[in-house]
Amino acid sequence: MLDTLTEIPVLSLNEQAGDPEGFAQAFGQSFQRFGFAVVRDHGVPQALIERAWRLTKAFFDLPEAEKRAHFIPGGGGARGYTPFKTEIAKGATHVDLKEFWHIGRELAAGHRFADVMAPNVWPAEPAGFRETFIELFAAFDTAGDKLLSAVARYLGLAPDWFDTAVKDGNSVLRLLHYPPVDADAPEVRAGAHEDINLITLLLGAEEAGLELLDRDGKWLAVKPPEGAMVINVGDMLQRLTNHVLPSTTHRVVNPPAERRGHSRYSMPFFLHPAPDFLIKTLPGCVSAENPNRYPEPITAHDYLHERLVEIGLIKK
């Protein structure tokens, strides 16, 4: 049945309330076939999204010195600003043509994860930045919980199975800017890679460039309708499900010549479990045909650290 899907279907999260099992099957099948899903009616208010886009563009328009004042050397890019041409995809030969800002979960003073989840950094300008992105983080969190509930149902787990896993999770909201590129730029804006986390919720994929590597070895353009979210499986979920749900390689290629003079903006929300969550293969995802690839479990914190070293955000 899964092989009958030739393109990523567009699903409505509104359908989950009336038919949670039907939505879970459609969402899970898209994940299992492509490692990606496209979801509209995701519940993040459009007015909030538009405000966030305005502030994102305003921040990246600031002078370079002002942005770099919020770069934290040795911080692994966990919070604040990461300059242009810093991150590189695993195994790539060119650094990515992007700059970004990271926002994490706001923790109460003395929280048990305070030693491994850095506090947020907030710029003085543009005005309203902190309030807007705390609100957006919470909206992504809510949407992510609903989508993980669908994943749980698809895997034959209790609908609330992920709730404890992601409570106080180390999720990150990334504000991403790909500046204009030269007509003959040899690099791609973001090299072929897989995400580290459980699932990624992405706004801003309407601008052409996002592609996934399909089963036949060909690159498939991801073209969501205006305002829809693109959701993809991360390596933590792939590991947890023993590759039943694949973390599909994807990239952001340079646009056609007529669009290379334009910036590209996007807002991915990397949904992570709590640092002490043990990524241990789900028994229901192990069979004679699909033996356990990961007999040794690992905590989410240790797995994240390994991967950040690989992509150059943490230096050995």
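The values are calculated or read from the model by the stated rules, or taken from the named source; none is laboratory data. Since we're looking at a predicted model, the values are computed, not measured. Counting neighbours? That spans all protein chains shown, and the Cβs are built from the backbone with ideal geometry, glycine included. Ligands, DNA and RNA are stripped out before the accessible areas are found, and what is left, the full protein with its side chains, is counted by its heavy atoms. Shrake-Rupley method; radii C 1.70, N 1.55, O 1.52, S 1.80 Å.
Quick notes
- Residue, modelled with the highest pLDDT, within segment 231-273, restricted to residues that are of a type in the set (G, A, S) and over 24 Å from F162 (Cα atoms): S266
- Boolean, P295 is within 28 Å of A143 (Cβ to Cβ), touching a residue at least 12 places away in the same chain (Cβ under 8 Å) and not in a helix (DSSP H, G or I): no
- Candidates in segment 48-71 are the residues that are hydrophobic (A, V, I, L, M, F, W, C) and either under 17 Å from E207 (Cβ atoms) or in contact with a strand residue (DSSP E or B) (Cβ under 7 Å, 6 or more places away or on another chain) (or both); of these, the one that is modelled with the lowest pLDDT is F71.
- Among (1) modelled with pLDDT of 95 or more; (2) over 24 Å from L147 (Cβ atoms), the one test that P45 misses: (2)
- Residue within segment 241-251 that is over 26 Å from G43 (Cβ atoms), in contact with a helix residue (DSSP H, G or I) (Cβ under 7 Å, 6 or more places away or on another chain), aliphatic (A, V, I, L, M) and surrounded by fewer than 19 Cβ atoms within 10 Å (Cβ to Cβ) present: no
- First in segment 1-20 and at negative phi and small (G, A, S), second anywhere and modelled with pLDDT of 95 or more and open to solvent by 40 Å² or more (accessible area, probe 1.4 Å), Cβ under 9 Å, 6 or more apart: S12/R40; S12/D41
- Test result for D276, in a loop (DSSP other than H, G, I, E, B), acidic (D, E), open to solvent by 40 Å² or more (accessible area, probe 1.4 Å) and modelled with pLDDT of 95 or more: yes
- The set of residues from segment 283-296 being surrounded by 14 or more Cβ atoms within 10 Å (Cβ to Cβ) and over 16 Å from S247 (Cα atoms) comprises V286, N292.
- Being among the small types (G, A, S) and under 22 Å from F59 (Cβ atoms) is true of G204.
- Looking only at residues in segment 92-142 that are free of Cβ contacts under 8 Å to residues at least 24 places away in the same chain and not in a loop (DSSP other than H, G, I, E, B), the one that is least open to solvent (accessible area, probe 1.4 Å) is A138.
- Index of the failed condition, F100 passing every other in (1) modelled with pLDDT under 95; (2) among the aromatic types (F, W, Y); (3) more than 16 Å from the chain's Cα centre (by Cα): (3)
- Positions within segment 55-69 being in a helix (DSSP H, G or I) and free of Cβ contacts under 8 Å to residues at least 24 places away in the same chain, in sequence order: E64, A65, R68
- The residues on offer are A300, A228, and the sole one that is surrounded by 14 or more Cβ atoms within 10 Å (Cβ to Cβ), small (G, A, S) and touching a helix residue (DSSP H, G or I) at 6+ places or on another chain (Cβ under 9 Å) is A300.
- Residues that are among the hydroxyl-bearing types (S, T, Y) and open to solvent by 30 Å² or more (accessible area, probe 1.4 Å) were ranked within segment 150-186; the one that is modelled with the lowest pLDDT is T164.
- Scanning segment 18-75 for residues that are open to solvent by less than 60 Å² (accessible area, probe 1.4 Å) and of a type in the set (D, E, K, R) turns up R33, K67.
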